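The values are calculated or read from the model by the stated rules, or taken from the named source; none is laboratory data. A quick note: this is a predicted structure, and the numbers were derived from the prediction, not measured. When we count neighbours, we look across all protein chains shown, and the Cβ atoms used for this are built from the backbone with ideal geometry, even at glycine.
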Amino acid sequence: MLRKTFLGSFLSRKQQEDVISLCIGEPFFDTPQHIKERGIQAINKNKTKYTSANGSLATRQAIQSFLSQEYHAFYDLDSIMVSPGAKPLITAALAVLTGDWRYVFIPAPYYPPFYNISVLQSKSLLSCPMLVDTREDDFQITGEAIKRVIGNLYDEESVDSSVLILNSPNNPTGVVYTRKNLESVAKVVKEYDMWVILDESYLDFTYNNDYCFFADLSDMAERTVVIRSFSKTYAMTGWRMGYVLGPPKVVNNINAYMNNCIGCASSISQEAAIAALQSSVMADDVRESFLINRNILLEWLTDNSIPFVEPQGAFYVFPDLSEYCFSGGFKDATEIVGYCLEKARVAITPGLDFGDMYKNFVRISYSVSTDKLKQALVRLEELIN
Ligand SMILES: Cc1ncc(COP(=O)(O)O)c(C=O)c1O
C-alpha cells in the first residue's frame, strides 16, 4: 500500500506503465495447461463442494505418493494436511505450537509474515519474537547464532519448548541452509526441546544438488512441521494450494484451527494440484531459466562491485548497498529504491521490509523474462555511471 503511493507520487500513469518490476514474488510463467484443464474438469464434474478440512482423500493420497516417488519420504495420511497456500499454515502452526507463552526464534532477514504474525500473537501474550541476525554467517542459520540470542535472555529455562522458524531456500536471501549448519541447529533444538516450523515453499528451485532436509536429521521429524506450497513450483499462486507435513497430533491441531477459520482448500484447486503432482515435467525447465537469470544478475552485481551472498535457491538476491548509500549521499537503501524507480523506472524491494537492521540492503527478484531483466540492468547501469 505504502509502496503504491510511493510509486504514484513520482511517476505519471504513462511512466508507471513503463516500470520493470524486480519485486515480483511469484514465477513469471503461467500455470501449465494440464493443471488448468484438471481445474476446469473439476468444475464441470461438479467437484465444487466442501472437502474434508484436511483436504480430500484423493489429494492427500496424491501428495503421499508424490513424496514417496520423488523423495523416498513416507508419510501416513494423518501426517499430511492440505491448505489454501502455505501462508495460512504459518499462522496456524504458530497458533498451535505457542498455546502457552513461547519464544519464537526467527532468522533475520525474514519473510515478513513470520515476524508479523509472531508480533500479532505477542499482543495476546502467546509468544515473543526473537530475531537471530544471520548477516555475520552469510545469511546461514547456525546453532551458535541461536545460542548467542538465548545467552542474552534473562531466563534461559523459559526457552524450553520455544518455536524456531526456518525457511530454506530462503526469501529474501536465496540462501539454502547447509547440512553442517542445520546439524548445529538441530543440536540446539534438541537441547531446548524446541519445535521447528520449516517453510520449504521454494524447495523446487535450488541450484546445487545438496539440499538438506532438516526433518531427516536425527530426532527432528518428531518436532518439525514442514510447510510446502504449490504457488512457486507450478506457478499456482492464485489457486491457493499448499500442505503441511508433521507429527499427526500437531497436524490434527492445525486441522482443528484451520477448520474453524478457513474450512478447506478450494475443491477445484485440490483437483488441479493432483494433476500438478502427477506430472512434474516443468520444474527442470523453469529452474534452468531462473539459473540463467540468476547468473546474469550476479555477474552484473560483481561488475558493479556490489557485495552479495551467492543465492543457491529461490529467485532472489539480497545485495548490500551500504557503499552506494555512503558514496551517493543516500540515507539508506529505501532512498535508493525510490531513486531507481524515479530515474530508471526499475522497482526493487527495500531491505527494510525484511528486518529493521537491513535498511541498507535490497531484495532483487529475477523472476522476470531474461529480456526484461537485461533491460532493467541496462537502465540501472545508466544510472550508476
Ligand atoms: C517463504 C514463503 N513462504 C510462503 C509464501 C506464500 O506461499 P503461498 O502462496 O503458498 O501462501 C511465500 C510467498 O512469497 C514465501 O516467500
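Worth a mention:
- Filter result for Thr59 (within 16 Å of the ligand (Cβ to nearest atom), touching a helix residue (DSSP H, G or I) at 6+ places or on another chain (Cβ under 8 Å) and assigned to a helix (DSSP H, G or I)): yes
- Count of the stretch 245-268 residues, restricted to those that are more than 22 Å from Asn167 (Cα to Cα) and either within 10 Å of the ligand (Cβ to nearest atom) or not in a helix (DSSP H, G or I) (or both), is 5.
- For the stretch 27-55, a tally of residues being surrounded by 19 or more Cβ atoms within 10 Å (Cβ to Cβ) and without any contact (Cβ under 8 Å) to a residue 24 or more places away in the chain returns 0.
- Listed conditions (1) touching a helix residue (DSSP H, G or I) at 6+ places or on another chain (Cβ under 9 Å); (2) assigned to a helix (DSSP H, G or I); (3) assigned by TED's automatic domain parsing to the domain that holds Thr224; (4) of a type outside the set (D, E, K, R) are all met by Ser289, apart from (3).
- Conditions (1) under 20 Å from the mean Cα position of the chain (by Cα); (2) touching a residue at least 12 places away in the same chain (Cβ under 8 Å); (3) away from the ligand (no atom under 15 Å from the Cβ); (4) surrounded by fewer than 24 Cβ atoms within 10 Å (Cβ to Cβ): number failed by Val185: (4)
Yes/no matrix, rows are residues, columns are (1) more than 16 Å from the ligand (Cβ to nearest atom); (2) part of a loop (DSSP other than H, G, I, E, B); (3) in the same structural domain as Ser127 (by TED's automatic domain parsing); (4) over 17 Å from Gln64 (Cα atoms):
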| position | (1), (2), (3), (4) |
| --- | --- |
| Tyr177 | no, yes, yes, yes |
| Asp193 | yes, yes, yes, yes |
| Leu198 | no, no, yes, yes |
| Asn209 | yes, yes, yes, yes |
| Glu222 | yes, no, yes, yes |
| Ile227 | no, no, yes, no |
| Lys232 | no, yes, yes, yes |
| Gly238 | no, no, yes, yes |
| Tyr243 | no, no, yes, no |
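- Residues that are within 16 Å of the ligand (Cβ to nearest atom), in a helix (DSSP H, G or I) and under 11 Å from Leu245 (Cβ atoms) within the stretch 62-90 comprise Ile63, Leu89, listed in sequence order.
- Residue count for the stretch 325-358, restricted to those that are farther than 20 Å from Phe28 by Cβ and touching a residue at least 60 places away in the same chain (Cβ under 8 Å): 8
- Test: residue in the stretch 65-76 that is farther than 17 Å from Ser229 by Cα and surrounded by 23 or more Cβ atoms within 10 Å (Cβ to Cβ): no
- Of the residues making up the stretch 91-144, those that are assigned to a loop (DSSP other than H, G, I, E, B), polar (S, T, N, Q) and farther than 19 Å from Thr173 by Cβ are Thr98, Ser124.
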